[in-house]
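The values are calculated or read from the model by the stated rules, or taken from the named source; none is laboratory data. Source: prediction; values computed, not measured. All Cβ positions, glycine included, derive from the backbone under ideal geometry; neighbour counts span all protein chains shown. To get the accessible areas, we keep the full protein, side chains included, count just its heavy atoms, and leave off ligands, DNA and RNA. Shrake-Rupley method; radii C 1.70, N 1.55, O 1.52, S 1.80 Å.
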Amino acid sequence: MTRRDLMLIIGAMACFSAAIAALIMLNAQSAQRSEINIEILCRKLVQVTSQPCELVQPSDTETKLFAFIRRR
């Protein structure tokens, strides 16, 4: 194995690791945005109905499903 081959392998591993890290960060940001959106909806619902809000956070599966549908 030459030095060039080793550098290519290390470069590919670094790109793959960066892509995985980016996906993890995007997933975390998406979850945070959904929580913020639900809080906003809850506040508006309380203002309109004057009753406590009963909205719940979507499960992880629901969040992934909605994200998949949104991309399509």
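Computed with every protein chain present, the accessible area of LEU41 is close to 100 Å² [probe 1.4 Å]. Computing Kirkwood radius over Cα pairs in Å directly from the structure and comparing it against (1) 13.0; (2) 15.5; (3) 14.0 singles out (2). The long axis of helix 3-49 is offset from the longest Cα principal axis of the chain by roughly 0 degrees. Applying 1/(1 + (r/R0)^6) with R0 = 25 Å to the Cβ-Cβ distance of GLN29 and GLU54 gives a FRET efficiency near 0.45.
All other residues whose Cβ lies under 11 angstrom from that of LEU45 are scored, Lys and Arg at +1 and Asp and Glu at -1, for a net of 0.
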